[in-house]
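I have placed the structure first, in the form of structure tokens, so that the comments after it can refer back to it.
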Amino acid sequence: MLHHCQKCLALFRQRFILINRSYTVLWLGSTISFIGDILFMTVLTLWIGTLLHNQSYAPLATSGNGGQR
């Protein structure tokens with residue numbers, strides 16, 4: 001007979017897998033990649049803004065890096 005915690009863990013594992021294991025891995029990988037893209041674009045924008053502080057073309061250079069998605 002399974003212990004109560006083991007039953008909960010088995011139920012959690014069963015619910016965590018969305019459709020099947022391959023789909024869950026694909027979904028998690030896509031989520032991590034999307035978060036990485038957002039972080040990269042934010043850091044790139046801040047970096048360009050810092051480099052071009054008080055330059056007349058800074059808004060143009062900063063707005064030009066956000067067109068990936």
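Each reported figure results from applying straightforward, stated rules to the coordinates on display, with no laboratory input. All values reported here derive from a predicted model rather than from experimental measurement.
Suppose the chain between Ser22 and Phe34 were pulled fully straight at 0.36 nm per residue; how much longer would it get relative to their current alpha carbon spacing? Intermediate results must be reported in sequence, preceding the final value.
Values: separation 12, 0.36 × 12 = 4.32 nm, distance 1.83 nm.
Fully extending the segment from Ser22 to Phe34 adds 2.5 nm.
How much length is gained on full extension from Ile48 to Cys5, taking 0.36 nm per residue of separation minus their Cα-Cα distance? Write down the numbers at each step before the final one.
On the way: separation 43, 0.36 × 43 = 15.48 nm, distance 5.11 nm.
Here the segment from Ile48 to Cys5 would lengthen by 10.4 nm.
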